[in-house]
Amino acid sequence: MDLSTSMRTDMCGRLTAADAGRTVSVCGWVATRREHGENLAFIDLRDRTGIVQCVVNRSHDLRSEYVAKMTGQVRLRPDDTANKDLPTGEIEIEITDIEILATAEPPPFPLDERTDVDETIRLRHRYVDLRKNRMQHNLRTRAAVNSAIRRGMEEQGFVEVETPMLIASTPEGARDFVVPSRKEPGSFYALPQSPQLFKQLCMVGGIDRYYQIARCLRDEDLRADRQFEFMQLDAEMSFVDQEDVFTAISHTVASATEAVTGVRPTEFPRITWLDAQERFGSDKPDTRFGMELVELTPIFEGTEARVFQAPCVKGIRMEGGMEALSRNQIDALVETCQRWGAKGLAWMKVIDGESGPALDAGVAKFLSADESTQLVTALDAKPGDMVFLVADERRLVRHVLGLLRLELGRPPVNEGGLNFLWVVDFPLFETINDAGKPVPAHHPFTMPHEDDWALLDESGEALLDVRSQAYDLVLNGWELGSGSIRINRPDIQNRIFELLGIGEEEAQAKFGFLLDAFRFGAPPHGGFAFGIDRIAALLVGETNIREVIAFPKTQSGSDPLTDAPSAIDAAHLEELGLRVLPPAT
Ligand code: ASP
């Protein structure tokens, strides 16, 4: 694309040997400056495309990060000074005219990619940080993802509809950010946790296929993959089952991936939630590596070994673990597993026995010969491996071994390819709370699995077996997003509210407008949302989504650049009818 303007003829990073002899003007920031006496300087000028070497044969006033327009003739660098690592490394510009467009204070930190700079300082001066190659690349990649998402959705007949930011609360289950109303002091708007209810209203409104690249706000503790505000592709479709949703979303995710990597992913395998838990100990399995959890419970039925007398025993095998792990590391792993909730972690070395691989050390001495043999076979253990076993309640075993599996085998973010995975048949309820009520795993409009509708008449623990028509898309162990087929039958919706203990009045107060709308003809519908920050981070190989967000908050939720959140003055508070209490002591 031609990026020339009235001020520049060319972009710094695009000049090549083919331009030798041309007189060009480039504009940008002074990246580096090498002075050779008073009358010769090599200046690297930087713009969004990269850097070019400018040769200045006289004294000059340029300093680091000054903004300048440089004009001169492109010439080939003498052979021995060419830099093969740089796209513009074969040429330089012999400068005849320098125009300083803006002076600059010395940058608060070096802009090379090698120096590790404290994140708060980077964010305080984000406008300088954004000049780095890495940030330029990340933000451009993100823009390519957005644009491919739009194309992918539009190709499939989705209509972009914008929904409001100042709304009543939504049902995602996190804490709302609220905005006080000046017109009605004492009343508050909520900022949307997602456009959930509005997209369902769009379906009642006959939009048929809705999408939006939507900003969502949730007041939750922040993590590497979580910010207060994040962007998601939000979509909803009418007259569909979950297969239709998978097809539409897989198409768009494939387009976004292809836009960045040049390769269109074709594999979007499925796994049930239960299988994912049993085999990977997680509802978001990273399938770039094996090390699956192996079911060992039957082997220990009637065992003499006290540690394995438990409702569930599972194990994982680490190939070559004997060499990879020191004794200190193993002890640390045991402690870590205890922190995760396990009573202990049983570990054994696999050695060359008289008749094939055998277990040695650790708790192996408590096992009967038969148990040992069965273990070796079940785990497919080879000499040199290490095996780790946890015995406890089933959920706990899965949880701890799932985390241990990641600890021992997870490849770095940018290795091992991109493994997409649909996780299906989520349970409708996560747990039963102290009051004996089920806690929904998703929002209360999630349709239960058709085969499990009869189970809704049950109560207590039996409800945990109800599956839902909810699904997640996982990429390399990160939950990219989730969605569901929604309830459009009043009898089922009422039963769910009843189970959750949401009375008629509460339902009316919280979602009355949606329930009202459903009385006017709601088509069967379902949808999905996936996080753009997350997919962009994984596609550029970053482990922290802040690296693909232009102006993120720090881990503690503040913005060192604008100083948000900050106090507002007394008059403003008065107008809003608010009084601030002194901090609780
Ligand atoms: N509203 C859900 C979310 O933002 C996604 C969905 O169910 O479509 O997580």
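Annotations
To keep it simple, each residue is scored yes or no on (1) of a type outside the set (S, T, N, Q); (2) farther than 30 Å from Arg410 by Cα.
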| position | (1), (2) |
| --- | --- |
| Asp457 | yes, yes |
| Asp472 | yes, no |
| Glu479 | yes, no |
| Ile485 | yes, yes |
| Asn494 | no, yes |
| Glu504 | yes, yes |
| Gly512 | yes, yes |
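- In region 539-573, residue nearest to Asn488 (Cα to Cα) [restricted to those that are open to solvent by 10 Å² or more (accessible area, probe 1.4 Å) and part of a helix (DSSP H, G or I)]: Leu539
- Of the residues contained in region 220-228, none is found to be at pLDDT 95 or above, open to solvent by 10 Å² or more (accessible area, probe 1.4 Å), under 30 Å from Arg546 (Cα atoms) and of a type in the set (A, V, I, L, M).
- Subset of region 401-437 (residues that are open to solvent by less than 20 Å² (accessible area, probe 1.4 Å), farther than 19 Å from Tyr471 by Cα and over 22 Å from the mean Cα position of the chain (by Cα)): Leu401
- Which numbered condition Phe246 fails, given (1) within 16 Å of the ligand (Cβ to nearest atom); (2) more than 23 Å from the chain's Cα centre (by Cα): (2)
- Neighbours by Cβ (under 6 Å, 6+ apart or cross-chain): first from region 459-485, closer than 19 Å to Met231 by Cβ and open to solvent by 30 Å² or more (accessible area, probe 1.4 Å); second modelled with pLDDT of 95 or more and within 11 Å of the ligand (Cβ to nearest atom): Glu479/Asp472; Ser482/Asp472
- Screening Asn488 with (1) within 16 Å of the ligand (Cβ to nearest atom); (2) in contact (Cβ under 8 Å) with a residue 60 or more places away in the chain gives one miss only, at (2).
- Within region 144-188, tally of residues that are in contact with a Pro (Cβ under 6 Å, 6 or more places away or on another chain) and of a type in the set (D, E, K, R): 0
- Test: Asp234 is over 18 Å from Arg534 (Cβ atoms), within 16 Å of the ligand (Cβ to nearest atom) and within 18 Å of the chain's Cα centre (by Cα): no
- Spans of strands (runs of 3 or more DSSP E) in region 173-254 with at least 1 residues in contact (Cβ under 8 Å) with a residue 60 or more places away in the chain and more than 22 Å from Pro524 (Cα to Cα): 178-180, 209-217, 229-238
- Within region 474-485, the residues that satisfy the criterion of being farther than 24 Å from Gly417 by Cβ and within 8 Å of the ligand (Cβ to nearest atom) are Gly483, Ser484.
- Options Thr23, Thr49, Thr5, Thr16; residue that is crowded, with 18+ Cβ neighbours inside 10 Å and hydroxyl-bearing (Ser, Thr, Tyr): Thr49
- Meets criteria (out of contact with any helix residue (DSSP H, G or I) (no Cβ under 7 Å at 6 or more places or on another chain), in a strand (DSSP E or B), among the β-branched types (Val, Ile, Thr) and under 28 Å from Ser255 (Cα atoms)) for Val423: no
The values are calculated or read from the model by the stated rules, or taken from the named source; none is laboratory data. All of these numbers come straight from a predicted model, not from anything done at the bench. Don't worry about glycine lacking a Cβ; one is built from the backbone with ideal geometry, like all the others, and counts go over all protein chains shown. Just the protein is used for accessible areas: all its heavy atoms, side chains included, with ligands, DNA and RNA removed. Shrake-Rupley method; radii C 1.70, N 1.55, O 1.52, S 1.80 Å.
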